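Below you'll find the structure, written out as structure tokens, and then a few comments.
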Amino acid sequence: MAVRVQVEDFDLGMELKQLTDGNHAIGGLCSFVGLVRDMTKTDDGEMTRSAAMTLEHYPGMTEKMLERIETEAHERWPLESSLIIHRYGRMDAGEQIVLVAASSAHREAAFEACHFLIDWLKTKAPFWKVEEDESGKENWVEARDSDDQATERWNKN
Amino acid sequence: MKILYFAWLRQKIGTGEERKDIPANVTTVSQLVDWLRSEGDHYADAFKDTSAIKVAINQEFADFNATVQSGDEVAFFPPVTGG
């Protein structure tokens with residue numbers, strides 16, 4: 001289990017390899033990588049080209065929430081290893097923002113835990129995105145109801 | 001009390017973190033917001049619509065009826081948009 005909140009980019013191949021290295025009980029590893037898109041929705045609902053994005057977070061609370069989300073995944077699924085990396089600061093279109101990954105003896109647990117990690121992270125980890133269009137105008141990204149619904153799906157009955 | 005602001009709240013208020021001596025009759029988040037609004041136009045503007053604002057007390061999500069004390073760290077921010 002590991003959580004990292006950092007400015008610098010990460011080496012996807014290396015990170016995933018380290019999650020399984022030497023553990024032959026692992027039968028499957030599932031990962032999700034979030035990237036900076038070059039298109040964004042304006043306040044008027046129009047699509048526009050965005051040049052870059054800056055992510056801000058709440059140091060202290062961010063790490064605490066990510067660790068809690070990861071612990072919850074381990075309580076729900078028989079995981080062998082997991083990792084959450086989330087970047088902050090300014091990023092250009094195409095850059096990696098976030099990595100969540102989970103491994104298990106069987107694929108089902110790895111797939112479900114990975115999906116759970118990113119869904120919960122999106123509504124519970126204190127990060128905020130501000131996008132810049134090509135003229136340099138800033139636009140704070142608004143939270144989406146669909147993200148709340150995605151989180152809701154994992155709530156226990 | 002240590003008060004933190006993030007995202008557009010930080011921009012509207014003009015600082016990300018401040019320490020304030022809170023009046024004794026301020027005991028809930030709602031009362032804290034009302035008191036902050038009286039501290040200046042930029043606070044009043046930032047807290048105009050609290051339906052778009054979330055709060056955390058000592059780094060735990062809370063609601064506007066929650067109790068606050070002078071030693072608390074209280075953070076205000078819009079709904080989160082990470083991932």
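What the table below lists for this structure:
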quantity: Residues (in a loop (DSSP other than H, G, I, E, B) and surrounded by fewer than 16 Cβ atoms within 10 Å (Cβ to Cβ)) located in the stretch A:135-157; calculated: A:Ser135, A:Gly136, A:Lys137, A:Glu142, A:Arg144, A:Arg153, A:Trp154, A:Asn155, A:Lys156, A:Asn157
quantity: Residue match in the stretch B:40-63 (condition: surrounded by fewer than 12 Cβ atoms within 10 Å (Cβ to Cβ), farther than 29 Å from A:Arg144 by Cβ and in contact (Cβ under 8 Å) with a residue 12 or more places away in the chain); calculated: no
quantity: Every pair of residues 6+ apart whose Cβ atoms lie under 8 Å, when the first sits in the stretch A:122-145 and is at the interface with chain B (Cβ under 10 Å from one of its Cβ atoms) and free of Cβ contacts under 8 Å to residues at least 40 places away in the same chain while the second is among the β-branched types (Val, Ile, Thr) and outside any loop (DSSP other than H, G, I, E, B); calculated: A:Lys122/A:Thr151; A:Thr123/A:Thr151; A:Glu138/A:Val130; A:Trp140/A:Val130; A:Ala143/A:Thr123
quantity: Lone qualifier among B:Asn58, B:Asn25 - being on the phi < 0 side of the Ramachandran plot and among the polar types (S, T, N, Q); calculated: B:Asn25
quantity: When residues of the stretch A:18-71 are limited to those that are part of a loop (DSSP other than H, G, I, E, B) and touching a helix residue (DSSP H, G or I) at 6+ places or on another chain (Cβ under 8 Å), the one nearest to the other protein chains (Cβ to nearest Cβ); calculated: A:Ile26
quantity: Some residue of the stretch A:9-17 being touching a strand residue (DSSP E or B) at 6+ places or on another chain (Cβ under 8 Å), part of a helix (DSSP H, G or I), among the charged types (D, E, K, R) and within 18 Å of A:Val100 (Cβ to Cβ); calculated: yes
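Each value in this text was obtained by applying a stated rule to the coordinates, not by laboratory testing. Just so you know, these numbers come straight off a predicted model, no measurement behind them. With ideal geometry, Cβ positions are generated from the backbone for all residues, glycine too; neighbour counts draw on all protein chains shown.
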